[in-house]
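Take a look at the structure set out below.
The values are calculated or read from the model by the stated rules, or taken from the named source; none is laboratory data. The model shown is predicted, which means the values in this text are computed figures rather than measured ones. For neighbour counting, all protein chains shown are included, and Cβ atoms are generated from backbone atoms with ideal geometry for every residue, glycine included. Surface areas here come from the heavy atoms of the whole protein model, side chains and all, with no ligands, DNA or RNA. Shrake-Rupley method; radii C 1.70, N 1.55, O 1.52, S 1.80 Å.
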Amino acid sequence: MTSPTPERFFELWVFLSTNPLLWLTVTIGVFLAAQRLAALARFNPLVNPVLLSIIAIVIVLRLTETDYRTYFEGAQFVHFALGPATVALGVSLYRNRHLVRRDALPIAAALLVGAPVACLSVIGLATLCGLDAGIVAALAPKSVTVSIALGIAEQIRADPGLTAVFAISTGVTGAIIVTPLMNALRIKDFAARGFAAGLASHGIGTARAFLVNDAAGAFAGLAMALNAVLTALIAAPLMKLLGL
Amino acid sequence: MLLGLFLLLFCQLIGEAAARALGLPVPGPVIGVLLLLSALFVRNRLVRGRDDETVADDRQGAVGEAADGLLRHLGLLFVPAGVGIAQSYQALDGQLIAVAAALVGSTVITLIVTVATFRLVARRLHKDGRP
């Protein structure tokens, strides 16, 4: 056995840091730790496990001078699961079909109003802020879950990297503000709260809603799926109509 | 679990293929969701016809198990793409504050408008005082 010298550590590091295994393990480990922290903070909305994980991993990558491409080679296995997880919403829709039937009208109304508002409000605000057309287009599908936002980006020719980042930022933002906002508005109907969370902030909002209340989680998942379908249908015509 | 994972991937695959081949204006995973949903309704018909499985206890078998596994840690799946955020700072080129303002503003508006619409219609419908 050779004694551990700095050279050997360096060799080991070179091997590990370019191996998908390291960054896959780091991603899952960091998220588990972040979840533990969120539980310790009694699920205070500010202690969002997704945001904490992202910050921690960005810091680790900076400190180890690892580029995103190398990181993603490992993390892509987790990222890939977004596709099947989106399809899995079919199961949650199916399981909640009775709730959906009971609240069919409020759901339909909130969807038909909420989906265009999610798109148009960000287009309006971004234009007011003087952002250029490329960024406005990438912002348009921001409330839609990442895998489908990327599909929409393809249709409206928006930058996929920016689209993904905006969708995730929106998810984290919604997950953080939904609880204090709904409490301030004194809304106690968890179906309505969850639906708004899922529509405005897709999967990350849905993950938050499941922490607060089971029914809220189910409605959030439903809103996320419905909004993905509707926005995918209206985004391209809407952008054309606005001349963007 | 493996069968469930296969079914989810299969629905996604068919969805992606159909969207591309037929030039549909809907992303592949969306078609995958609709496909899985219809498959579950068909399955329900078949389960209902059997005596050994009650519909109430049904957790949608293997596909339900796989879906539970994925959806339980939904947040995790967004982390790899989120880490890319640091990459996009350069692309934003000093427009970060404007982007953040538009994004946060729009999220607040969307949350309020959506919840208000939902409550308004729900209250009209059930005047029996749901919370």
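Once neighbouring chains are kept in place and the probe is 1.4 Å, which whole percent of the accessible area of the protein assembly as shown is contributed by carbon and sulfur?
67
Dipole magnitude of chain A about its Cα centre, charges +1 at Lys/Arg Cβ and -1 at Asp/Glu Cβ only, in debye to the nearest 20?
So the magnitude is around 900 debye.
Return the Rg/Rh ratio of the range A:82-244 with Cα-based radii and a Kirkwood Rh.
My calculation puts Rg/Rh at 0.96.
With a probe of 1.4 Å, find how much accessible area the protein assembly as shown has per residue, and write the answer as a whole number in Å².
Accessible area per residue: 48 Å².
Say R0 is 25 Å: what FRET efficiency, to the nearest 0.05, do B:Asp93 and A:Arg69 get from their beta-carbon distance? Mind showing how you got there, number by number?
Working: r = 21 Å, r/R0 = 0.84.
Given R0 = 25 Å and the Cβ-Cβ separation, E is 0.75.
Please calculate the 1.4 Å probe accessible area of A:Glu7, with all protein chains present, and give it to the nearest 10 Å².
In the full protein context, A:Glu7 sits at about 120 Å².
Given a 1.4 Å probe and heavy atoms of the protein chains only, how would you sort A:Trp13, A:Trp23, largest accessible area at the top?
Working: A:Trp13 90, A:Trp23 5 Å².
Largest accessible area first, the list is A:Trp13, A:Trp23.
Once label points are set 7 Å from the Cα along Cα→Cβ at both A:Thr5 and B:Arg45, what is their separation, rounded to one decimal in nm?
7.3
If I stretch the segment between A:Lys188 and A:Leu21 completely, what's the gain in nm (0.36 nm per residue apart, minus their alpha carbon distance), one decimal?
Full-extension gain reported as 55.7 nm.
Which value, in Å² and to the nearest 10, is the accessible area of A:Phe210 when all protein chains are kept and the probe is 1.4 Å?
Approximately 100 Å² for this residue.
To the nearest 10 Å², what's B:Ile14's accessible area with a 1.4 Å probe?
Surface accessible to solvent at B:Ile14 totals approximately 70 Å².
Go from 0 up to the bin containing the longest alpha carbon distance in the range A:1-59, width 5 Å each, and give me the % of pairs per bin.
4, 17, 18, 15, 13, 10, 10, 7, 3, 1, 0
How would A:Glu11, A:Glu73, A:Glu65 line up by accessible area, probe 1.4 Å, largest first?
A:Glu65, A:Glu11, A:Glu73
Subtract the Cα-Cα distance of B:Ala100 and B:Leu125 from 0.36 nm times their separation in residues, and report this length gain in nm to one decimal.
5.2 nm
Per the Kirkwood formula on distinct C-alpha pairs, the Rh of the protein assembly as shown is how many angstrom?
Roughly 21.3 Å, rounded to one decimal.
Can you give the angle from 0 to 90° between the axis of helix B:2-21 and the longest principal axis of chain B, with both taken from C-alpha atoms, to the nearest 10?
60
Would you mind giving the three semi-axes, in whole Å and largest first, of the ellipsoid equivalent to chain B according to its Cα gyration tensor?
For chain B, the ellipsoid semi-axes come out as 35, 27, 16 Å.
From other protein chains only, count the Cβ atoms within 10 Å of every residue's Cβ in A:151-161, then give the mean.
Whole-number average of other-chain Cβ neighbours for A:151-161 is 2.
Tilt of helix B:96-125 relative to the longest C-alpha principal axis of chain B, in degrees (0 to 90, nearest 10)?
In chain B, helix B:96-125 runs at an angle near 40 degrees to the longest axis.
Provide the packing ranking of B:108-115, A:180-187, i.e. peptides ordered by the mean count of other C-beta atoms within 10 Å per residue, highest first.
Put in order of decreasing packing, that is B:108-115, A:180-187.
Could you give the angle, 0 to 90 degrees to the nearest 10, between helix A:190-212's Cα long axis and the longest principal axis of the Cα atoms of chain A?
40
Suppose only helical runs count, i.e. DSSP H with n ≥ 4. What mean residue ellipticity at 222 nm does that imply for chain A under -39500 (n - 2.57) per run, divided by all residues and rounded to the nearest 500 deg cm²/dmol?
-27000 deg cm²/dmol
When N is the residue count of the range A:93-174, what does its C-alpha Rg come to as a fraction of 2.2 N^0.38 Å?
1.25
With every protein chain kept in the model, how would you rank A:His202, A:His79 by accessible area, 1.4 Å probe, largest at the top? Can you show the working numbers first?
Details: A:His202 0, A:His79 50 Å².
So the residues, ranked largest to smallest area, are A:His79, A:His202.
Could you compute Rg(Cα) / (2.2 N^0.38 Å) for the range B:86-131, with N its residue count?
Against the empirical 2.2 N^0.38 Å value, I get 1.92 for the range B:86-131.
Arranged from highest to lowest average of other beta-carbon atoms within 10 Å per residue, in what order do the peptides A:52-64, A:112-124 appear?
Highest-to-lowest ranking by the protection proxy: A:112-124, A:52-64.
As an exercise, use a Förster radius of 30 Å and the Cβ-Cβ distance of B:Ile14 and A:Ala104 to find the FRET efficiency, rounded to the nearest 0.05.
The calculated FRET efficiency here is 0.60.
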